[in-house]
Amino acid sequence: MSDYNHALLIEQDQRQLHPLHHPTRTKGAAMVERGDGVWLYTTDGREILDAMASLWNVNIGYGNKELPRVAYQQMLDIAYNSGFAGMTNPASAQLADKLAGFFRPNMNFTYFTSGGSESSDSSFKTAIFYWYQLGKANKKKIISRLNGYHGMTLAATSATGMSKFHTMFGGVLDGFIHVPDPNGYRYTGEVKAGESVAQAAARALEERILLEGADTVAAFIAEPIQGAGGLVVPDDGYFELIAEVCKRHEVLLIVDEVITGFGRTGHWFGSDEYGIQPDIMQFAKGVTSGYMPLGGIQVTDEIRDVVLNAPEDQSWMHGYTYSGHAAACAVGIANIDIMERDGLLDNSRLMGTRLLAGLQSLVDEFPHIDNARGVGLMAGIDVVASKAGREPDADLAAKVSDAALALGLRARPLGATIAFAPPLCITAEEVDIVINTMGEAITRASG
């Protein structure tokens with residue numbers, strides 16, 4: 001029995017402004033009081049298998065006791081001090097050292113943020129700074145992809161390729177441009193005769209760079225696998241072609257590993273699935289498994305040297321209050337150690353294979369479920385009016401997700417896509433619960 005007054009908490013909760021807010025969406029909220037592994041427990045006695053790891057990020061699972069102890073001990077020493085020039089702390093230095101070369105051998109320079117949106121803004125500013133220092137001050141534009149998601153600050157929102165996130169906030173800022181994403185199931189661009197979707201999407205990027213003028217484009221940003229934009233797994237060869245386009249036109253490649261980093265795809269980073277060699281990599285979420293807010297960017301040694309060798313009157317004037325937060329960085333170190341010790345990357349690959357097979361069984365069974373896809377423990381299915389026409393059915397997807405939650409399973413509807421990204425500690429038995437519950441939810445929702 002919960003010690004909380006559930007009704008009072010819900011009343012109090014109604015008085016705050018929630019993310020992605022509309023009052024109708026805060027009614028009946030799951031008031032989570034504790035978690036254990038993949039399970040959440042609410043103040044009104046519900047038990048929910050969280051197949052989304054909250055927001056793709058509780059990678060080691062809920063209820064870990066080691067990370068709170070690490071944070072506690074660090075806070076006893078020093079919880080926070082400014083990381084601005086002239087001050088730092090041991091945990092920040094140690095995590096930066098641990099991450100040096102961890103992603104790529106030529107990326108040894110880390111800048112810490114508090115989360116993914118700040119990481120996006122840091123990437124954009126760093127790309128513009130880099131070109132400015134090389135005497136190319138006009139290279140300021142950022143190209144991203146339709147249905148890409150890069151955060152909620154004003155610049156990150158503009159890079160996000162979904163109009164629902166920026167239409168009501170004044171639209172996209174000048175200098176942000178979107179090109180089609182490599183969605184082989186439902187590609188929105190033009191595919192010429194003999195082209196693959198990967199080739200068409202890479203061509204669309206090159207054509208837009210040429211249209212804008214390569215001397216005005218600073219960077220292209222992409223997620224290895226698109227998350228909030230519909231769980232888009234790129235067609236084979238896409239990132240090799242993208243890299244060639246960016247190199248040919250002197251456009252920096254930013255890879256957004258905020259969701260795909262730290263084990264989510266069965267690799268340390270989603271880039272490892274595709275051999276991506278970016279100029280800037282940004283991360284957040286899984287670096288601490290959500291136990292503390294932390295994010296950051298890494299840049300190549302070439303970009304590092306440009307930053308460090310800039311004249312003093314042209315310093316890299318960028319920073320956040322909580323960059324390099326000591327307690328968050330200490331938790332980040334311990335979180336990576338736990339993932340290594342407990343073999344969570346191996347489990348992500350193994351359970352991801354089981355999850356994908358289960359989702360495919362739903363595709364085979366139900367006429368309105370199609371396109372099971374995924375890498376590691378990041379997977380999705382599409383809800384369609386018909387498989388032949390592939391018409392998206394967002395209303396039915398929402399009904400299926402609502403039915404699943406009523407049955408004790410949390411998945412996430414993304415338009416007509418239902419996404420799955422459970423904690424990396426999920427067991428085979430729990431994966432089977434996900435699939436069986438989804439089957440029942442689909443049956444209930446579709447009648």
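The values are calculated or read from the model by the stated rules, or taken from the named source; none is laboratory data. What you see is a predicted model; the values in this text were computed from it and never measured. Ideal geometry is used to build each Cβ from the backbone, glycine not excepted, and the neighbour counts take in all protein chains shown. SASA here: full protein model, heavy atoms, side chains in, ligands and nucleic acids out. Shrake-Rupley method; radii C 1.70, N 1.55, O 1.52, S 1.80 Å.
Per residue, how big is the convex hull around the C-alpha atoms of the chain? Give it to me in cubic angstrom, could you?
Values: hull volume 68.3 nm³, N = 447.
It is 153 Å³ per residue.
Restricting to DSSP H runs of at least four residues, report the calculated mean residue ellipticity at 222 nm for the chain, -39500 (n - 2.57) per run over all residues, nearest 500 deg cm²/dmol. Each step should come with its number before you reach the end.
Working: 14 runs with 168 residues, N = 447.
Computed ellipticity for the chain at 222 nm equals -11500 deg cm²/dmol.
At a threshold of 8 angstrom on Cα-Cα distance, excluding pairs fewer than six apart, so keeping six or more, what relative contact order does the chain reach in percent?
Numbers: 905 pairs, mean separation 90.3, N = 447.
Relative CO of the chain lands at 20 percent.
In whole Hz and in residue order, list the ³J(HN,Hα) couplings for region 347-360 that follow from phi through the Karplus curve 6.51 cos²θ - 1.76 cosθ + 1.60, θ = phi - 60°; x for Gly and Pro.
Karplus values, whole Hz, x for Gly and Pro: 5, 4, 5, 5, 6, x, 4, 5, 4, 5, 4, x, 5, 5.
Quick one: dipole size for the chain, taken about the Cα centre, charges +1 on Lys/Arg Cβ and -1 on Asp/Glu Cβ, in debye to the nearest 20. Provide the component values of the computation, followed by the final result.
Details: 35 positive and 53 negative charges, 120 e Å.
I would put it at about 580 debye.
Quick one: order Ile280, Ile78 from most to least accessible surface, probe 1.4 Å.
These residues rank, largest area first, as Ile78, Ile280.
Using a 10 angstrom Cβ neighbour count of at most 16 plus a DSSP loop assignment to flag exposed GluC sites (Glu not before Pro), which longest range of the chain is free of such sites?
Answer from the scan: 251-447.
Output the Kirkwood hydrodynamic radius of region 26-130, Cα pairs only, in Å rounded to one decimal.
Numbers: mean 1/r = 0.0578 Å⁻¹.
By the Kirkwood definition, the hydrodynamic radius is 17.3 Å.
What is region 245-309 by shape, rounded, prolate or oblate, if you read a ≥ b ≥ c off the alpha carbon gyration tensor as root eigenvalues and call it rounded for a/c under 1.5, prolate for a/b larger than b/c, and oblate otherwise?
Oblate.
With all protein chains present and a 1.4 Å probe, how do Thr113, Thr153 order by accessible area, largest first?
Numbers: Thr113 0, Thr153 45 Å².
Largest accessible area first, the residues go Thr153, Thr113.
Tell me whether region 244-370 comes out rounded, prolate or oblate; compute the Cα gyration tensor, take square roots of the eigenvalues as a ≥ b ≥ c, and use a/c under 1.5 as the rounded threshold.
Verdict is oblate for region 244-370.
Check Ala419: other-chain or 5+ apart residues with amide H under 5 Å from its amide H, H built from backbone geometry?
Close amide H contacts, sequence-distant or interchain: Arg412, Leu414.
Largest first, what is the accessible-area ranking of Lys27, Lys98 with a 1.4 Å probe?
Result of the area sort, largest leading: Lys27, Lys98.
If I compute solvent accessible area with a 1.4 Å probe over the protein chains, what percent of it on the chain is carbon and sulfur?
The computed percentage sits at 53.
Determine the per residue accessible area of the chain with all protein chains present and a 1.4 angstrom probe, expressed in square angstrom.
On the way: 19510 Å² over 447 residues.
I get 44 Å² per residue for this part.
Just Gln360, Gln73, Gln16 to compare: in a GNM of the chain, with alpha carbon springs under 10 Å, which one fluctuates most?
It is Gln16.
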